[in-house]
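For reference, the structure discussed in these notes is given below.
The values are calculated or read from the model by the stated rules, or taken from the named source; none is laboratory data. All figures in this text were calculated on a predicted structure; none of them were measured in a lab. Neighbour counts run over all protein chains shown; Cβ positions are idealised from the backbone, glycine included. Just the protein is used for accessible areas: all its heavy atoms, side chains included, with ligands, DNA and RNA removed. Shrake-Rupley method; radii C 1.70, N 1.55, O 1.52, S 1.80 Å.
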Amino acid sequence: MSTKRFYSSRFYLVRVFVLAVFVSHFFACSKSYEEGKTVIGNKAMVVTAHPEASRVGIEVLENGGNAIDAMVAVHFALAVVYPAAGNIGGGGFMIYRPVDGEVSSLDFREKAPLAAFEEMYQDENGEIIDGLSLAGPMASGVPGSVDGMIQAHKKYGSVPLKELIAPAYKLAKKGFYITEKQAKNYNRYKSVFIEQNQDSTNIPLVRFDRKWQEGDLLVQQDLASTLKRIQDNGRDGFYKGETAQLLVAEMKAGNGIIELEDMAKYEAKWRTPITGEYRGLKVYSMGPPSSGGIALMQLLKMSAHFPLGDLGFHQAKTIHLMTEMERRVYADRAKHLGDSDFWDVPKDDLLDDGYLKSRVDEIHLTNATDSEQVLAMNFDHQESEETTHYSIVDANGNAVSVTTTINSGYGSKVFVTGAGFLMNNEMDDFSSKPGVPNVYGLLGGKANAIQPEKRMLSAMTPTILEKDGELFMVVGTPGGSTIITSVYQTILNVVDHGMDMREAVSSARVHHQWKPNFIFPEKGGLEETTKSALEEMGHTIKERGSIGRVDAILVNEKGLLEGAGDPRGDDWAAGF
Ligand code: GLY
């Protein structure tokens with residue numbers, strides 16, 4: 001099987017058939033939903049991790065809503081239909097490109113609670129307490145998604161908030177039919193949910209009578225009530241009153257430290273996007289507290305020094321060069337990146353052309369570097385794998401790229417009793433102790449140490465590209481540490497390897513992150529000869545499961561929108 005067609009095989013057609021049955025069975029309308037090929041839209045496109053959320057978004061656009069309206073509706077819908085990562089108990093980042101204005105970026109990342117402190121996950125001997133930053137109430141940061149959606153809506157929305165939350169409310173109240181993957185997942189997590197929740201009798205994703213099956217109806221009454229409070233009271237329906245009280249009660253019933261004051265104080269922040277050029281395209285991505293934008297731009301700027309297209313897709317030389325660039329970028333990330341409200345991130349140095357050229361010059365064309373020898377640069381004046389992504393373009397050409405997360409799958413695994421939503425375990429994205437890797441194997445130091453009200457460093461990389469001043473691509477993915485390299489590869493697939501959106505999203509991915517010093521290809525994703533050639537250069541290959549779930553939109557040469565939901569998940573493109 002050609003690696004280019006990695007996910008375009010018979011497996012993919014079977015999956016599309018099952019999803020097509022699912023969709024035609026449960027959807028009232030039948031627009032140009034995905035039918036096993038790139039979805040083409042003349043005007044508008046929504047690509048999300050779940051068919052129901054894509055349906056909600058495209059209906060908002062069909063009814064005249066704009067991209068931000070669709071974003072709000074999709075975000076709340078994902079909190080209901082994709083509880084593994086869709087959320088109101090987490091946070092995320094948005095890049096917005098209005099058709100006639102400045103590109104903006106919104107940071108609605110979670111924050112450390114006021115009572116947080118640097119050694120909070122260490123025991124009296126300074127050793128990390130296993131799992132404390134990952135599961136249970138103490139793993140949670142103060143959620144930002146609701147304030148993020150409301151702030152973006154206030155600035156750019158055109159449909160009343162209440163109407164935009166209504167589809168999510170209905171999906172929670174009346175239920176929706178779960179997919180096969182979801183059924184498997186909920187069964188797999190049953191014992192973890194029971195272990196982590198105070199009241200094991202009332203966990204929305206746990207059933208005791210039998211196992212979950214594809215097509216089961218999932219009703220979430222408590223979540224519906226929470227959504228209703230947000231519909232009625234806006235921000236205060238979440239950050240104050242009953243919802244906030246339920247959340248704080250859940251914290252106090254365990255070892256959580258989020259207080260009502262933390263909730264009341266939370267505010268999403270408008271940030272300056274990271275911008276740069278790659279082979280004549282303009283790139284907009286997310287700046288700190290995400291590492292995504294800076295790391296992606298470093299990779300792209302270094303890549304411009306190599307003829308990657310001529311070297312060929314998934315050829316050993318290409319993978320070697322990408323690996324060497326990634327090794328250096330992730331070393332810089334570990335040392336220099338953190339929340340810029342608390343840490344002086346040397347953004348200009350990291351993106352300086354001269355500096356990046358010096359890093360390129362270190363790369364040997366056929367020999368792997370030892371990661372131990374690659375240190376982050378010292379600048380003199382220095383100071384998920386869950387998560388989900390959605391891409392939207394509206395009928396006027398406004399585009400929005402959002403990546404949102406509760407960190408690992410189902411976050412802290414703690415449902416807020418009576419409010420029906422899952423809390424994040426985002427505190428694990430801080431560096432709990434210098435030199436100790438987080439759940440994604442990522443290292444960090446002072447730049448990303450825990451401080452009250454600080455935002456933990458992220459890899460989320462929602463990105464928008466322009467060509468000749470016009471919209472070109474909307475792209476992003478979940479995947480923890482692999483997010484940056486998945487977005488990078490999707491861009492290279494289109495720009496350097498000439499793929500369409502579907503191929504670019506489906507193709508096998510390969511990841512490297514400096515430490516641990518492995519090239520991680522998706523299982524079966526690289527030819528044996530390529531792997532041998534890389535090993536001869538000194539690389540160590542370690543195959544792994546699927547990487548990322550890229551949901552992306554491309555404006556093709558005819559000016560049509562190509563939407564591609566990643567076939568690795570239930571992801572779904574809908575357009576008109
Ligand atoms: N929680 C994954 C990330 O923010 O990168």
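Checking each residue in the range 224-259 for being part of a helix (DSSP H, G or I), of a type in the set (D, E, K, R) and open to solvent by 20 Å² or more (accessible area, probe 1.4 Å) picks out Lys228, Arg229, Asp232, Asp236, Glu242, Lys252. Residues in the range 305-329 that are open to solvent by 10 Å² or more (accessible area, probe 1.4 Å), on the phi < 0 side of the Ramachandran plot and in contact with a helix residue (DSSP H, G or I) (Cβ under 9 Å, 6 or more places away or on another chain): His305, Phe306, Gly309, Leu311, Phe313, Gln315, Ala316, Lys317, Met322. Hey, does the range 372-390 have a residue that's modelled with pLDDT of 95 or more, open to solvent by 10 Å² or more (accessible area, probe 1.4 Å) and either touching a helix residue (DSSP H, G or I) at 6+ places or on another chain (Cβ under 6 Å) or more than 16 Å from the ligand (Cβ to nearest atom) (or both)? No: the range 372-390 contains no residue that is modelled with pLDDT of 95 or more, open to solvent by 10 Å² or more (accessible area, probe 1.4 Å) and either touching a helix residue (DSSP H, G or I) at 6+ places or on another chain (Cβ under 6 Å) or more than 16 Å from the ligand (Cβ to nearest atom) (or both). Among the residues of the range 447-468, those identified as away from the ligand (no atom under 16 Å from the Cβ) and in contact with a strand residue (DSSP E or B) (Cβ under 8 Å, 6 or more places away or on another chain) are Ala449, Glu453, Ile464, Leu465, Glu466, Lys467.
Residues are listed down the side, and each one gets a yes or a no for (1) closer than 15 Å to Gly292 by Cα; (2) in a strand (DSSP E or B); (3) out of contact with any helix residue (DSSP H, G or I) (no Cβ under 7 Å at 6 or more places or on another chain):
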| site | (1), (2), (3) |
| --- | --- |
| Val436 | no, no, yes |
| Gly441 | no, no, no |
| Met460 | yes, no, no |
| Ile464 | yes, yes, yes |
| Leu471 | no, yes, yes |
| Thr485 | yes, no, no |
| Thr490 | yes, no, no |
| His497 | no, no, no |
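Residues in the range 393-421 that are buried (at least 24 other Cβ atoms within 10 Å of the Cβ) and within 14 Å of the ligand (Cβ to nearest atom): Val402, Thr403, Thr404, Thr405, Ile406, Asn407, Ser408, Tyr410, Gly411, Ser412. Is there any pair with a first residue in the range 341-366 that is within 20 Å of Thr323 (Cα to Cα) and open to solvent by less than 60 Å² (accessible area, probe 1.4 Å) and a second that is β-branched (Val, Ile, Thr) and not in a loop (DSSP other than H, G, I, E, B) whose Cβ atoms are under 7 Å apart and which are 6 or more apart or on different chains, and what are they? Within 7 Å, the pairs are Leu350/Ile294; Leu351/Ile294. Does the range 358-377 hold any residues that are of a type in the set (Ser, Thr, Tyr) and outside any loop (DSSP other than H, G, I, E, B), and which are they? Ser358, Ser371, listed by residue number. The single condition among (1) assigned to a loop (DSSP other than H, G, I, E, B); (2) away from the ligand (no atom under 12 Å from the Cβ); (3) among the aromatic types (Phe, Trp, Tyr) that Tyr355 does not meet is (1). Taking residues in the range 451-468 that are within 19 Å of Thr272 (Cβ to Cβ) and of a type in the set (S, T, N, Q), and partners anywhere that are open to solvent by 10 Å² or more (accessible area, probe 1.4 Å) and within 9 Å of the ligand (Cβ to nearest atom), the pairs with Cβ atoms closer than 9 Å and at least 6 places apart or on different chains are Ser458/Asp429.
Looking only at residues in the range 121-156 that are closer than 30 Å to Asp69 by Cα and β-branched (Val, Ile, Thr), the one that is surrounded by the fewest Cβ atoms within 10 Å (Cβ to Cβ) is Ile150. Count of the range 422-434 residues, restricted to those that are part of a loop (DSSP other than H, G, I, E, B) and open to solvent by less than 20 Å² (accessible area, probe 1.4 Å), is 5.
Looking at Ile68, Ile88, Ile58, just one residue is modelled with pLDDT of 95 or more and in contact with a Pro (Cβ under 8 Å, 6 or more places away or on another chain), and that residue is Ile88.
Of the candidates Leu217, Leu171, Leu205, Leu164, the single residue that is surrounded by fewer than 15 Cβ atoms within 10 Å (Cβ to Cβ) and at pLDDT 95 or above is Leu217. Here Tyr440 passes the criteria (1) among the hydroxyl-bearing types (Ser, Thr, Tyr); (2) away from the ligand (no atom under 11 Å from the Cβ); (3) surrounded by fewer than 24 Cβ atoms within 10 Å (Cβ to Cβ) except the one numbered (2).
The single residue among Ala331, Ala264 that is under 24 Å from the mean Cα position of the chain (by Cα) and part of a helix (DSSP H, G or I) turns out to be Ala331. Kindly indicate whether any position in the range 529-536 is surrounded by 19 or more Cβ atoms within 10 Å (Cβ to Cβ), touching a strand residue (DSSP E or B) at 6+ places or on another chain (Cβ under 7 Å) and assigned to a helix (DSSP H, G or I). So far as the range 529-536 goes, yes, one or more of its residues are surrounded by 19 or more Cβ atoms within 10 Å (Cβ to Cβ), touching a strand residue (DSSP E or B) at 6+ places or on another chain (Cβ under 7 Å) and assigned to a helix (DSSP H, G or I).
His512: under 28 Å from Ala376 (Cβ atoms), modelled with pLDDT of 95 or more and either within 16 Å of the ligand (Cβ to nearest atom) or not hydrophobic (A, V, I, L, M, F, W, C) (or both), yes or no? Against the criterion (under 28 Å from Ala376 (Cβ atoms), modelled with pLDDT of 95 or more and either within 16 Å of the ligand (Cβ to nearest atom) or not hydrophobic (A, V, I, L, M, F, W, C) (or both)), His512 qualifies. Among the residues making up the range 183-200, a single one is open to solvent by 40 Å² or more (accessible area, probe 1.4 Å) and more than 16 Å from Lys413 (Cβ to Cβ): Lys184. May I ask you to verify whether Pro516 is part of a strand (DSSP E or B) and of a type outside the set (Phe, Trp, Tyr)? So Pro516 fails the test. Filtering the range 260-267 for residues that are open to solvent by 10 Å² or more (accessible area, probe 1.4 Å) and either within 16 Å of the ligand (Cβ to nearest atom) or at pLDDT below 95 (or both) leaves an empty set.
Do you know which of the residues in the range 282-297 that are out of contact with any Pro (no Cβ under 9 Å at 6 or more places or on another chain) and open to solvent by 10 Å² or more (accessible area, probe 1.4 Å) is farthest from the ligand (Cβ to nearest atom)? Taking the candidates together, the pick is Lys282.
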